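Beneath this line is the structure, given in structure tokens, with notes to follow.
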Amino acid sequence: MKKVLIIAEAGVNHNGDFDLAKKMIDIAYEAGADVVKFQTAVPELVMTAEAPKAEYQNKNVGTTDSQLEMSKKIHLPLEAYKELKRYCEEAVGIKFLSTPFDHVSIELLNDLGQDIFKIPSGEITNLPYLQRIAQLGKQIIISTGMCNLSEIEFALDSLVQNGANLENIVVLHCNTDYPSPFEDVNLNAMNTIRDAFGVRVGYSDHTPGIEVPIAAVALGAEVIEKHFTLDKSMTGPDHLASLDPQELRNMVRCIRNIEIAMG
């Protein structure tokens with residue numbers, strides 16, 4: 001079995017603290033993940049001041065701040081990502097990846113030499129965004145939470161028409177709910193996507209625990225992405241739906257064992 005690419009999703013679980021982001025890189029490396037992934041954004045370019053927070057965000061961080069105010073607090077400044085990438089690759093020895101949420105962030109990460117670009121579920125119908133990602137000629141990973149098959153088809157067609165190679169694209173089945181109830185996962189949809197579009201597939205997981213990503217590997221996932229945190233009790237929108245460091249280590253160990261068992 002081909003080795004699964006395991007992405008430890010730090011996301012914004014550093015809460016905008018650069019030192020915590022570095023600690024998360026250390027944890028991802030110690031757990032055996034292949035990649036540690038962040039999220040890069042200029043909040044003012046992504047949302048309006050009137051944008052409401054999601055229900056789970058209100059539950060986890062309260063209703064005082066707006067979506068924009070919360071995002072400003074939990075995102076790192078753009079100048080931090082050069083040092084994070086250097087720390088990953090030169091000091092620690094793990095691959096750096098960050099998802100861009102706007103065109104400024106795309107250009108920043110491209111200038112830093114990032115060789116994989118992750119398209120988040122919310123941008124899968126954003127044609128100018130897709131066009132620019134395709135033009136970079138990089139490996140592409142797409143999450144598909146909130147998407148139907150026609151929207152996935154639109155994204156793939158847009159990417160290929162603008163220069164991307166279908167062989168360089170992996171599509172991740174994803175359920176955008178934090179945490180996702182097991183009954184809503186529909187894990188077989190991962191292979192529906194593979195059969196419908198002839199693409200490599202994987203799974204971006206938001207369920208509690210580690211069972212579902214392990215099952216996804218047994219079903220043929222080539223990429224697994226899972227949020228993790230230093231401490232689930234920290235304040236922030238995604239901590240409760242993330243793995244703690246020991247759970248992350250257990251997930252990686254189990255996936256590697258499944259690879260061996262699959263033969």
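The values are calculated or read from the model by the stated rules, or taken from the named source; none is laboratory data. Everything numeric in this text was worked out from a predicted model, so none of it was measured. Cβ atoms come from the backbone with ideal geometry, glycine included; neighbour counts cover every protein chain shown. The accessibility values were calculated without ligands, DNA or RNA, using every heavy atom of the protein model including side chains. Shrake-Rupley method; radii C 1.70, N 1.55, O 1.52, S 1.80 Å.
Whether a residue is assigned to a strand (DSSP E or B), touching a strand residue (DSSP E or B) at 6+ places or on another chain (Cβ under 8 Å) and either open to solvent by less than 10 Å² (accessible area, probe 1.4 Å) or farther than 25 Å from Lys72 by Cα (or both) was assessed, and Leu97 passes this test. Taken together, the residues in the range 151-187 that are β-branched (Val, Ile, Thr) and either in a strand (DSSP E or B) or in contact with a Lys or Arg (Cβ under 7 Å, 6 or more places away or on another chain) (or both) amount to 3.
Among the residues of the range 179-196, is there at least one that is surrounded by fewer than 23 Cβ atoms within 10 Å (Cβ to Cβ) and in contact with a Pro (Cβ under 6 Å, 6 or more places away or on another chain)? Yes, the range 179-196 contains a residue that is surrounded by fewer than 23 Cβ atoms within 10 Å (Cβ to Cβ) and in contact with a Pro (Cβ under 6 Å, 6 or more places away or on another chain). None of Thr235, Thr207 is open to solvent by less than 50 Å² (accessible area, probe 1.4 Å) and either touching a residue at least 24 places away in the same chain (Cβ under 8 Å) or within 17 Å of the chain's Cα centre (by Cα) (or both) except Thr207.
A single entry from Gly145, Gly137 fulfils the requirement of being under 20 Å from Gly198 (Cα atoms) and either aliphatic (A, V, I, L, M) or open to solvent by 40 Å² or more (accessible area, probe 1.4 Å) (or both): Gly137. Answer yes if at least one residue in the range 137-147 is within 22 Å of Phe38 (Cβ to Cβ) and in a helix (DSSP H, G or I), and no otherwise. The answer is no, given that none of the residues of the range 137-147 is within 22 Å of Phe38 (Cβ to Cβ) and in a helix (DSSP H, G or I).
The residues listed here are Met47, Met1; of these, the one that is under 21 Å from Arg256 (Cβ atoms), open to solvent by 30 Å² or more (accessible area, probe 1.4 Å) and at pLDDT below 95 is Met1. Return yes or no: is Phe117 buried (at least 17 other Cβ atoms within 10 Å of the Cβ), at pLDDT 95 or above, outside any helix (DSSP H, G or I) and touching an Asp or Glu at 6+ places or on another chain (Cβ under 7 Å)? In short, no. When restricted to residues that are within 12 Å of Asn15 (Cα to Cα) and either assigned to a loop (DSSP other than H, G, I, E, B) or among the small types (Gly, Ala, Ser) (or both), the range 226-258 contains 8. Those residues that are more than 18 Å from Lys37 (Cβ to Cβ) and either among the charged types (D, E, K, R) or in contact with a strand residue (DSSP E or B) (Cβ under 6 Å, 6 or more places away or on another chain) (or both), I need them from the range 66-89; list them, please. Scanning the range 66-89 gives Glu69, Lys72, Lys73, Glu79. If you check Glu90, Glu153 for being touching a residue at least 24 places away in the same chain (Cβ under 8 Å), of a type in the set (Asp, Glu) and surrounded by fewer than 19 Cβ atoms within 10 Å (Cβ to Cβ), only one passes: Glu153.
Among the residues making up the range 100-109, a single one is out of contact with any strand residue (DSSP E or B) (no Cβ under 7 Å at 6 or more places or on another chain) and open to solvent by less than 40 Å² (accessible area, probe 1.4 Å): Asp102.
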